[in-house]
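Engineer: Okay, here's the structure, questions in a sec.
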Amino acid sequence: MLNIPYLLKELTVEEKAGLCSGADFWHTKTVERLGLDAILVSDGPHGLRAQKENKEQPGKTETVQAVCYPSGAALAAGFSRSLMQRIGDAIGEEAVAEGVHTVLGPAINMKRSPLCGRNFEYLSEDPYVAGELAATFVSAVQAHHVGTSPKHFAANNQETRRMSVSAEVSERALREIYLTAFEKVVKNAKPWTMMCSYNRINGTYSCENEWLLSTVLRKEWGFDGIVMSDWGAVNHRVNSLKAGLELEMPSSRGERDKLIAEAVRNNTLPIEVLDQAVTRLLEWIDKGIGRAAAEYNREAHHELARKAACECAALLKNEGVLPLNKEQKVVFIGEFAEKPRYQGGGSSHINSFRVDSALDAAKAYPNVAYTKGFGAETDEIDDEALRQAVKLAQEAEVAVIFAGLPDVFESEGYDRTHLNLPECQNRLIEAVAAVQPNTVVVLHNGSPVYLPWRDKVNAILEMYLGGQAVGQATVDLLYGEENPSGKLAESFPLRLEDTSCWLNFPGDTKRVVYSEDIFIGYRWYDARRIAVQYPFGHGLSYTTFSYEDIRLSRKKLSDQETLQVSVTVKNTGKRAGSEIVQLYVAPCAVADIVRPIKELKGFEKVKLEPGEQKTVVFTLDKRSFAYYDTDIKDWVAPSGEYTLLAGPSSAELPLKAVVTVHSTTIIPLKITDTTTVGEVLRLSSNPAPLKQLLKRMDAVGDLDDPDALGKSTGLMRNSMTEYMPLHAMICFSDLTMEEIAAVEKTLK
């Protein structure tokens with residue numbers, strides 16, 4: 001255990017400054033004279049990307065072989081805290097075995113646009129889902145004395161100009177959408193580190209944003225770990241240290257360490273700020289060093305990867321063709337059956353020790369033929385391959401087409417420009433579906449795609465980027481060895497033009513305006529009543545479920561109390577299956593406060609045998625009903641009736657209950673002469689003086705004269721009065737300025 005007070009006393013200013021940046025790409029610096037060891041970090045949102053010295057080429061590193069689990073988009077579709085626990089446990093074990101002290105993940109940025117090139121890493125368009133799953137993952141990894149680094153904090157929602165673009169976003173949208181998942185992780189799982197993003201937020205780089213790193217993260221949320229930069233994200237080193245960023249990664253070869261030491265010596269950086277940063281760094285190092293060596297069972301972890309891929313797969317459509325039976329004559333079409341796309345490109349890319357293909361897995365079924373049809377890495381149409389695919393499809397009882405996005409279509413570093421699959425795939429699917437009514441499409445993609453042929457095929461199975469065991473998992477699902485239970489954690493839009501940020505993605509050369517504010521994903525489609533291909537939360541099963549009952553622990557509560565919501569669901573089919581029960585809250589109507597139609601506030605995955613029913617209990621608190629009020633800088637759950645909706649997806653919510661919430665929050669009313677009459681009547685604790693003045697308006701002017709103003713005069717008068725500034729009352733009454741000022745003083 002490190003003697004931190006002693007080290008802080010013995011370290012020189014230069015050594016302290018040196019600890020604030022990496023030694024290389026993956027290690028922190030050592031201080032040999034004081035016995036201070038280095039920390040090794042590794043990418044790892046869905047598998048370990050650890051680096052080690054290349055014995056054959058000294059000075060160079062190589063990536064160790066590891067297990068590649070389903071990517072973030074796939075894992076979120078599992079809607080399973082239990083699964084995230086198991087994945088986190090496994091990655092924690094692997095990190096210990098490889099000597100990794102901190103895993104750089106999970107990646108929990110919101111999916112503002114389906115075009116973001118890194119969406120395959122991110123969990124969801126919904127902050128509640130992302131926060132709940134990420135917190136479980138973090139707790140599981142850290143139980144092995146391995147740190148985590150939730151990323152990228154914050155509003156890093158695109159790859160285009162990610163190192164410089166300014167996300168122009170309201171505080172309300174930040175609080176309700178873009179910060180919520182990070183807040184959940186910090187409060188519920190206490191991550192050892194937090195990774196700061198490249199971009200600017202409202203003009204200020206995240207890595208030197210004191211409001212973000214110190215006010216919100218530390219003071220409000222209670223974060224007690226270190227903040228590290230994304231690789232190369234630091235703009236001004238001294239300013240970032242002052243703002244609350246302890247560790248710059250990777251190494252700047254000592255160049256920026258000098259800036260810190262110089263700033264201390266010329267008194268532009270208080271030594272106390274540097275000492276605080278070093279103290280936090282030493283606490284982090286102390287947590288990671290001194291662990292016992294360990295090993296893990298690769299094959300067992302590969303089996304976990306298979307189970308995870310099965311549990312995360314979302315059956316988007318099934319008109320009776322699935323599951324297949326082994327007697328059927330089946331043809332697999334598409335090179336993804338032979339060479340699955342199971343992970344994305346960039347910093348999360350895993351050197352997998354093994355990869356299962358669907359074609360290899362299908363060898364257990366004697367009646368499966370294969371033809372390439374199209375290449376996995378191209379958009380070129382091969383007419384001869386297409387003709388062969390159509391011929392074999394005609395001869396088979398079922399055609400299974402393995403489609404998806406090639407590696408170059410989506411990756412870290414750049415964004416997509418469209419939602420389309422390669423044209424060679426769309427053309428082949430159309431041609432096969434025209435001759436084979438039992439056509440199944442299996443999708444390998446990291447984010448939503450447009451499916452123009454969805455009404456012409458019999459079934460669609462979304463496997464996402466399902467990890468190294470996705471091939472075996474796909475075959476297990478196709479043949480009913482496993483039952484699909486995943487649901488989409490993101491919406492699949494009909495058109496790119498329908499998305500909330502269509503006009504503001506990826507922005508101009510310097511900024512991107514989040515004009516949609518809090519309305520992303522299903523919140524946007526609900527509010528605009530826009531149809532989608534497949535809604536948030538959608539996913540089918542080989543069995544059926546019915547939603548039987550919803551009950552509340554109370555009908556009325558204050559915002560300081562909690563509410564238990566019990567939802568009963570029954571398996572009405574003939575085989576066992578798992579259902580993801582979803583609970584949404586529709587807010588009460590409040591004047592001048594725009595809120596989503598509904599928001600997800602609970603989910604639970606429950607396994608049911610045929611005929612079995614279970615009751616899931618959700619607990620809701622103030623935040624479940626609240627919006628963020630930027631005037632009082634706090635969460636407010638307005639008084640009123642809230643509707644609770646439960647069901648299998650955001651578009652199918654058969655159960656409903658109403659609860660009345662009483663707000664205990666007092667919103668102070670700042671009275672000026674531009675305050676409106678309506679604001680005073682709604683928010684003032686003593687509106688009586690103003691009501692007396694309003695009576696004086698009745699006897700003056702022609703606001704109540706239908707002959708003068710028409711038949712709508714009553715509505716006009718009410719609306720005009722509602723939005724009338726106090727100073728304007730003098731023009732529509734016999735009031736004096738002194739009388740109005742006196743009432744303003746009384747109201748204050």
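The values are calculated or read from the model by the stated rules, or taken from the named source; none is laboratory data. Computed from a predicted structure; not experimentally measured. Neighbour counts run over all protein chains shown; Cβ positions are idealised from the backbone, glycine included.
Engineer: Those residues that are touching a residue at least 60 places away in the same chain (Cβ under 8 Å) and of a type in the set (Ser, Thr, Tyr), I need them from region 651-674; list them, please.
Structural biologist: Thr660, Ser663, Thr664, Thr665, Thr672
Engineer: Among the candidates Ser124, Ser164, Ser113, which residue alone is at pLDDT 95 or above, closer than 25 Å to Pro506 by Cβ, touching a Cys at 6+ places or on another chain (Cβ under 6 Å) and part of a loop (DSSP other than H, G, I, E, B)?
Structural biologist: Ser113
Engineer: How many residues are buried (at least 18 other Cβ atoms within 10 Å of the Cβ) and outside any strand (DSSP E or B) if we restrict to region 24-36?
Structural biologist: So the count comes out to 2.
Engineer: Out of the residues in region 279-316 that are surrounded by fewer than 20 Cβ atoms within 10 Å (Cβ to Cβ) and of a type in the set (Val, Ile, Thr), which is modelled with the highest pLDDT?
Structural biologist: Thr279
Engineer: Only one of these is at pLDDT 95 or above and in contact with a Cys (Cβ under 9 Å, 6 or more places away or on another chain): Arg416, Arg387. Name it.
Structural biologist: One residue alone meets the criteria, Arg416.
Engineer: Moving to a separate point now. Only one of Asp549, Asp476 is modelled with pLDDT of 95 or more, assigned to a strand (DSSP E or B), among the acidic types (Asp, Glu) and more than 18 Å from the chain's Cα centre (by Cα); which?
Structural biologist: Exactly one of Asp549, Asp476 is modelled with pLDDT of 95 or more, assigned to a strand (DSSP E or B), among the acidic types (Asp, Glu) and more than 18 Å from the chain's Cα centre (by Cα), namely Asp549.
Engineer: So which of Arg306, Arg253 is assigned to a helix (DSSP H, G or I) and either closer than 30 Å to Leu477 by Cβ or of a type outside the set (Ser, Thr, Tyr) (or both)?
Structural biologist: Arg306
Engineer: Among Glu410, Glu423, which is the only one that is in contact with a Phe, Trp or Tyr (Cβ under 7 Å, 6 or more places away or on another chain) and not small (Gly, Ala, Ser)?
Structural biologist: Of the residues listed, the single one that is in contact with a Phe, Trp or Tyr (Cβ under 7 Å, 6 or more places away or on another chain) and not small (Gly, Ala, Ser) is Glu410.
Engineer: Moving to a separate point now. Could you give me the residue pairs with C-beta distances under 8 Å whose first residue belongs to region 410-438 and is in contact (Cβ under 8 Å) with a residue 12 or more places away in the chain, whose second residue is among the small types (Gly, Ala, Ser) and assigned to a helix (DSSP H, G or I) wherever it lies, and which are 6+ apart or on separate chains?
Structural biologist: Listed pairs, sorted by first residue: Leu428/Ala389; Ala431/Ala389; Val432/Ala389; Val432/Ala393; Val435/Ala393; Gln436/Ala393.
Engineer: Does region 243-258 hold any residues that are in contact with a helix residue (DSSP H, G or I) (Cβ under 8 Å, 6 or more places away or on another chain), surrounded by 17 or more Cβ atoms within 10 Å (Cβ to Cβ) and of a type outside the set (Gly, Ala, Ser), and which are they?
Structural biologist: Leu245, Glu246, Leu247, Glu248, Arg256, Asp257
Engineer: Sort through Leu133, Leu123 and tell me the only one that's in contact with a helix residue (DSSP H, G or I) (Cβ under 6 Å, 6 or more places away or on another chain) and closer than 19 Å to Ser411 by Cβ.
Structural biologist: Leu123
Residues are listed down the side, and each one gets a yes or a no for (1) outside any helix (DSSP H, G or I); (2) farther than 30 Å from Asn297 by Cβ; (3) modelled with pLDDT of 95 or more:
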| site | (1), (2), (3) |
| --- | --- |
| Glu15 | no, yes, yes |
| Gly18 | no, yes, yes |
| Glu62 | yes, no, no |
| Leu83 | no, no, yes |
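Engineer: If you don't mind, another one. Could you say which residue among Pro45, Pro70 is in contact with a strand residue (DSSP E or B) (Cβ under 9 Å, 6 or more places away or on another chain), of a type outside the set (Val, Ile, Thr) and not in a helix (DSSP H, G or I)?
Structural biologist: The conditions single out Pro45.
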